[in-house]
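Some notes on the structure that comes next.
Computed from the coordinates by the stated procedures, all read-outs in this text should not be read as laboratory data. The structure presented is a predicted model; accordingly, all values stated were derived computationally and were not measured. Quick reminder, even Gly has a Cβ in these numbers, built from the backbone with ideal geometry, and neighbours come from all protein chains shown.
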Amino acid sequence: MSEPSPEAMDRVARAALDEVKRGMRLGLGTGRAAEAFIRRLGERVRDGLDVTCVVTSIRSEKLARELGIPVVTLDELFELDIAFDGADEVAPNLDLTKGLGGALLRERVVAHAAARFVVLVTPEKRVAKLGTRAPIPIEVVPFAKTPVHHALTHLGGRPTLRQKDQTVALTDNGNVLLDTHFDPIDDPRTLDGKIRAIPGVVDTGIFLSMADCVLIGAEDDVERLVRA
């Protein structure tokens, strides 16, 4: 997979800041695009912007707090104005795959809590069909990882248990991730339903009908796509 340029990432992060107004309640995602946005938001907060944020991972929380961004939990603030996050793939209808950053479940919860969900990507993330350029991360309780692995194989998937530093990677929820390659997916809603029906599956990286707006940072501008 090609890597986005830092310049394009920063460009789309700056464009996303135009969506933020004083007093807003924001959701902050996880991954490179989200972190680029958090860094730019931190600059605005230092300049006096008043916002309150909920984050989707320990990693993003650490960065936000280092930058002086006010962070609370969903127990304190369960309705948000906008959630900002990246994506691994964006289909023409703005369906997404997410989760290579490992925070898919919390990202879904925060996006659902927000009145608007704004996605920040660079052009290589655009695909004709989901599953084209990235595996589908599937969060699974550790007890069930082997039976879920077999069930995903029966669905035509090619799952791999995610590892980090030569050990099994765990999400912030204490679960494992099965990064599962499929052929480009013709019917993501049906596949998502079949995966969710497997006992032990907590969440999938298939995000359907959730993005309200996708900002795509290109070479010299930012393209804005809005869900019909």
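A few notes on this one:
- Residue count, the stretch 138-172 (criterion: farther than 23 Å from P184 by Cβ and among the hydroxyl-bearing types (S, T, Y)): 3
- Test result for G156, free of Cβ contacts under 8 Å to residues at least 60 places away in the same chain and buried (at least 22 other Cβ atoms within 10 Å of the Cβ): no
- When T73 is tested against (1) without any contact (Cβ under 8 Å) to a residue 60 or more places away in the chain; (2) crowded, with 17+ Cβ neighbours inside 10 Å, just one condition goes unmet, and that condition is (2).
- The one condition in (1) surrounded by fewer than 24 Cβ atoms within 10 Å (Cβ to Cβ); (2) touching a Phe, Trp or Tyr at 6+ places or on another chain (Cβ under 9 Å); (3) closer than 21 Å to E139 by Cβ that S57 fails to fulfil: (2)
- For the stretch 88-108, filtered to residues that are in a strand (DSSP E or B) and aliphatic (A, V, I, L, M), the residue that is farthest from R11 (Cα to Cα) is L96.
- Top-ranked residue of the stretch 75-104 - restricted to ones that are under 11 Å from L26 (Cα atoms) and of a type in the set (A, V, I, L, M), ranked as nearest to the chain's Cα centre (by Cα): A83
Each row is one residue, and each column tells you yes or no for (1) of a type in the set (V, I, T); (2) free of Cβ contacts under 8 Å to residues at least 40 places away in the same chain; (3) surrounded by fewer than 24 Cβ atoms within 10 Å (Cβ to Cβ); (4) touching an Asp or Glu at 6+ places or on another chain (Cβ under 9 Å).
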site: S5; (1), (2), (3), (4): no, no, yes, yes
site: E43; (1), (2), (3), (4): no, yes, yes, no
site: L67; (1), (2), (3), (4): no, yes, yes, yes
site: D88; (1), (2), (3), (4): no, no, no, no
site: D95; (1), (2), (3), (4): no, no, yes, yes
site: L100; (1), (2), (3), (4): no, no, yes, yes
